[in-house]
1. The range 740-790 to the range 233-260: how many Å between their Cα centroids?
2. Based on the mean of other beta carbon atoms within 10 Å per residue, what is the order of 399-409, 747-757, most packed first?
3. Output the antiparallel fraction of DSSP beta bridges having both residues in the chain, as a percent to the nearest 5.
4. Can you list the equivalent-ellipsoid semi-axes of the range 303-456, largest first and in whole Å, using the square root of 5 times each Cα gyration tensor eigenvalue?
5. Give, rounded to the nearest 20 debye, the magnitude of the charge dipole that the chain has about its Cα centre when Lys and Arg contribute +1 at Cβ and Asp and Glu contribute -1 at Cβ.
6. Please calculate how many Å² of accessible area the chain carries per residue, with a 1.4 Å probe and no DNA, RNA or ligand atoms counted.
7. Search the structure for amide H atoms under 5 Å from the amide H of R145, placed 1.01 Å from N in the peptide plane, and list their residues when 5 or more places away or on another chain.
8. Starting from the Kirkwood radius over alpha-carbon pairs of the chain, derive D by Stokes-Einstein at 10 °C in a medium of 1.306 mPa s and give it in µm² s⁻¹.
Amino acid sequence: RIWRESQFLPVMQDGRGFGPSTKEGAHGTVHRVNRATNTFSIQAGALLNAYDHAFNLAGEMFTFDSDMEWDINMPWYRDVRTVHMIPGGDNGYRNGSGKFPPSYQDALPPVRDLGRGSPVGVEFYQARAYPTAMRDALLEADWSRGRLLYTPLTRKGASYVAGGARTELVHGEPLNITDVEVGPDGLVYFTTGGRTTEGGVFRVTYSGQKPATAKLTPLLAAVRQPQPLSSWGHAAVARAKADLGDGWARGLEKLARDRAARGEDRAQAVYLLQRHGPAPPVTLLTDLMREADADVRAAAVFAAGVQGSKAAAVAAAGLKDMSPLVQRRAAEALVRMGQSPAAESLAPVADVYALLGSPDRFVRFAGRLALQRTARPAWRDRVLLDTHLVRGVEAMVAYIFTAPDRADLLSLVDRQIALMGRSDLTVDGQLRLLRAFQLAAIEAARLTQPAPPANVRRDGQVGFQPQTITAGDIDPARLQQVHQTLIGRFPSTDERLTRELASVLAFCGQPQASTKILTAFPKGDTNPALQIHLLLALRGATSGWTAAQKASLMDVYARAAQWRGGASFPGFINLLFESTIAGFSADEKQMAYGRVPQFAPLTEAELAAATANSARSTRGVGNPATARSRGIRAISREETLDEQIFTPLRTPASPARGRPHFEQACAQCHRFGSVGTDFGPDLTTLASRFKKRDVVEAILWPSKAVSDQYQSVEVATTDKQTLFGLVAREDADKIAIQMTPSERPIEIAKAKIAARKPSPVSLMPEGLVDDLSQSQLADLLAFLLSPPPQ
């Protein structure tokens, strides 16, 4: 079992109906195909929508994974990300609210986060037509942002970090890149298109000085073959093998053993033998494990894993290596060789277990996967006695994922409670321990449920129905101990810890915890993401609350109903609200609807309108965000800007459809050709003076930049009135202020003016287009940027 549906708080499916499914568990998998045996296996997964993947020269796999932009401003939102996909890696994506935060040790963190975007093709640059600094740099194509990123990746332990700042090799607005490749000439090629945008194939040339190239022997030319995993690179290596004949295997083995050669060349010699044959002999791999160069040892232990259990001694030696990369690959090699809890371990169990204490997170993860495939009696008791805070807590995850029954799990829970009381736990240590407790509770719930049908697995991969995790899965006495140990630590100065403490404390079901969580909400609109997480934690913990407490919680929802986020944001808040009041009495529900009228039941007229709307939509009327849809008013302005600038519409925008929106929202103040009035700036020549981005920003944030010609004033009078408007006229005795285009100017005697100052706020109100949808706003922009009507 590679991945679990291991979200502690009950998962909410997407608030807008994206991917509705009762299936839980990891999605977005990468498969490895064995053409010789006509089989495939899962390599890595828990991705949202990875479009492509690529391997660096060391054979490590990377992808550029999507975000779920509809989740922006929800506490579980994740940026687009560069992902290092190790064998068996869980990269933390789950449907709806179930995404894993980076702190969870049962998943892996990204190499880096990259904000918003739409990841497509990826490739490593392994040719020589560009500067040497680009050698083995990662190329990542972003469709919506019109950018091709290149990033040198630097080895750090068993994984990598992004070297230097995020750099764009190519950028354009628009430039909807779809894929990227490196050609036989060493130049980068990319394609564009999609959603009616312009399609094409482009080549990126370089006019600077190219790296010097030395004349190489045929064997070394094959070892240094540019883009060795491309179709043309692979074919070139195959031709070199045929040309060299018997000298191919002898030459590569000799190079692999040559301590005077470059480590990169020696490692590539091993990879070429493994890929193109003949497979490197076990004696060679055994000898290479004694070499000083870590890249050579990493290549040897990788090849050992491919060759199977006959090379188990090579993998066993790698477990004790000084290099984290070699250690990680040694654990992965054992799994690939067939390490099984039903057979004798292929390596000393103590050496496998020791990996879980590594300071390197990727080593710990790979070691745990190997331990879970090791006979449980050989290491079970170590976990219950282990005093090493990193190793012991990491081993708890393996213990939990292999537990045969609930009673066995409760023995571990006792150990967890004892560790919770330690005063020397770091924040990261507390996060790992809390996650281990959560996993124990999740598994306890799974083990107490009826067994699934024979064709359904418990690991969340095929047809698994989500379990309900209740406090009854851990007995009340233990829950009381957990509560007493943790309540004094909540809230923490570290927000990550505050969130996990809130989740666990709410699960324990003690009234003191619910009261303390309720009082820990930030005031006003501060930190909405944390407030939403606390709402999520409390939604099942309101039993026994006073009327005042429930009213206070509804006040938080009243604030949340006004917040903005991604397209699913209002639906998530609505669903969260409904699940919170599910246990309220009829009178309490009426109180809740009165305080948060946005989420009150739909009237007959609203229901009819929603039904008519759903007839034109695949989302359906049962979805709160669809039923209550009112344009973009619940979507953040930053999200709206991104959508309008970067994301091509499925249906092209229409100036003709945009004109009525201009007449309704803009024409009373602005002129555009023959349409509108002259109160505000004339927009007739807008397209010749401004870019689309400038226009969108001016609509969404009208006070960001106000022309001197239309600078409004704020006037305070002696009778305590305050007026805002444009100065229509002024003389020595009085001033006339025009407040709206439809009203006559208001005259104020200067003797009655207590204060006067320029106003930083534009007369154009914010939220003017809130009732428009994204497509309607695009139509309005198309009208404003088209030739004005005559």
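1. After rounding, the separation between the Cα centres reads 73 Å.
2. Values: 399-409: 17.8, 747-757: 12.4.
So the peptides 399-409, 747-757, ranked by packing, come out 399-409, 747-757.
3. Values: 62 of 65 bridges.
Rounded to the nearest five, the antiparallel share is 95 percent.
4. Details: eigenvalues 144, 86, 29 Å².
Semi-axis lengths for the range 303-456 are 27, 21, 12 Å.
5. On the way: 91 positive and 81 negative charges, 268 e Å.
Magnitude of the dipole: close to 1280 debye.
6. Values: 34680 Å² over 790 residues.
Per-residue accessible area for the chain comes out at 44 Å².
7. Those qualifying (amide H under 5 Å, at least 5 residues apart or on another chain) are S118.
8. On the way: Rh = 30.3 Å.
Rounded to a whole number, D works out at 52 µm²/s.
The values are calculated or read from the model by the stated rules, or taken from the named source; none is laboratory data. None of the values given here were measured: they were computed from a predicted structure. Virtual Cβ from ideal backbone geometry, glycine too; neighbours counted across all protein chains shown. Remember, those area values only see protein heavy atoms, side chains included, never the ligands or the DNA or RNA. Shrake-Rupley method; radii C 1.70, N 1.55, O 1.52, S 1.80 Å.
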